[in-house]
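Take a look at the structure below.
The values are calculated or read from the model by the stated rules, or taken from the named source; none is laboratory data. Predicted model only: the values in this text are computed from it and were never measured. Cβ placement follows ideal geometry from the backbone for every residue including glycine, while neighbour counts extend to all protein chains displayed.
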Amino acid sequence: MSKLDPRSQTLVIDDSRRIRFTKEDVFRVFGIPCYGRSVFCNGIPSKEVISKVMSCYLGTDVREHRSIKAAQEVIQCDYGQTMSVEEQNSFKAAFVIYVMSTLLSPGAKYDYASIDYWNALVEPSDIGKYDWGDYVIRRLFDAVVKVKSDMNGTVKVPSITGCTLFLQVLYLDSIDTGFLNMDHTVLPRVMFFGPENMRSMILADTVDECNGVSECKYGKSQVCT
């Protein structure tokens, strides 16, 4: 994350190599919408919105903390062969909360879901009409700014938030690793980046391996044009 420049929206490999990206790349990597209504357009969710999402969709009391596990339980519930409209709505809202909390925009607190996007969950049928790519990018930039501030300050072990997997896939998908290169016409890109493929590509891009004293250095591969 220290290599990311939020102002220019680029991954800075070195003085001569940069990888620029936009919210459209979030769509390419994860297949989520990158156009439509802004997730932030209605500001901070009201108490009424929070209450509706928690009670109607997560099945929890508004006085309880916003548990990620509550969303997970809704997703893993056995609904039988058919789902009612209410069950479908609960599943959609819970799925977004779980994926945001664990992958696309994870926070620093354990088992605690952010609510800043919950206005977009009030009507689950409209979830796909929102610009989730922009949301992921903006929260990633917030995370980078915080990490750099922590590293420049007295925080020895800064908490990592934001979608780091996006940066990993973006980088590995933008470099030339020879026979490890993948077909770039198939979306979403993340489907190609399982643990073994990522491990092999990272090894191919390694300049100096970790020796217990110095950090690993990457950037051996050229950026694809």
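Residue pairs whose Cβ atoms lie under 7 Å apart, separated by 6 or more positions or on different chains, with the first residue in region 155-183 and modelled with pLDDT of 95 or more and the second among the aromatic types (Phe, Trp, Tyr), are Val169/Phe193; Leu170/Phe21; Leu172/Phe193. Looking only at region 4-51, filter to residues that are in a loop (DSSP other than H, G, I, E, B) and of a type in the set (Gly, Ala, Ser); which one of those is farthest from Ile127 (Cα to Cα)? Going through the qualifying residues, I end up with Ser16. Every condition in (1) closer than 30 Å to Val49 by Cβ; (2) surrounded by 19 or more Cβ atoms within 10 Å (Cβ to Cβ) is met by Ser125 except one, and the failing one is (2). On the given criteria, is Lys23 charged (D, E, K, R), out of contact with any strand residue (DSSP E or B) (no Cβ under 9 Å at 6 or more places or on another chain) and closer than 26 Å to Glu87 by Cα? Against the criterion (charged (D, E, K, R), out of contact with any strand residue (DSSP E or B) (no Cβ under 9 Å at 6 or more places or on another chain) and closer than 26 Å to Glu87 by Cα), Lys23 does not qualify. Under the condition of being within 23 Å of Tyr110 (Cα to Cα) and either in contact with a strand residue (DSSP E or B) (Cβ under 6 Å, 6 or more places away or on another chain) or outside any loop (DSSP other than H, G, I, E, B) (or both), the residues counted in region 57-88 number 10.
Val207 satisfies every condition listed in (1) assigned to a helix (DSSP H, G or I); (2) within 25 Å of Lys148 (Cβ to Cβ); (3) more than 24 Å from the chain's Cα centre (by Cα) except (1).
The set of residues in region 1-60 being among the acidic types (Asp, Glu) and under 27 Å from Leu165 (Cα atoms) consists of Asp5, Asp14, Asp15, Glu24, Asp25. Scanning region 41-64 for residues that are surrounded by 12 or more Cβ atoms within 10 Å (Cβ to Cβ) and modelled with pLDDT under 90 yields Thr60, Val62. Report whether or not Thr161 is within 30 Å of Ile97 (Cβ to Cβ), of a type in the set (Ser, Thr, Tyr), touching a helix residue (DSSP H, G or I) at 6+ places or on another chain (Cβ under 6 Å) and outside the structural domain of Thr60 (by TED's automatic domain parsing). Taking the combined requirement at face value, the residue satisfies it.
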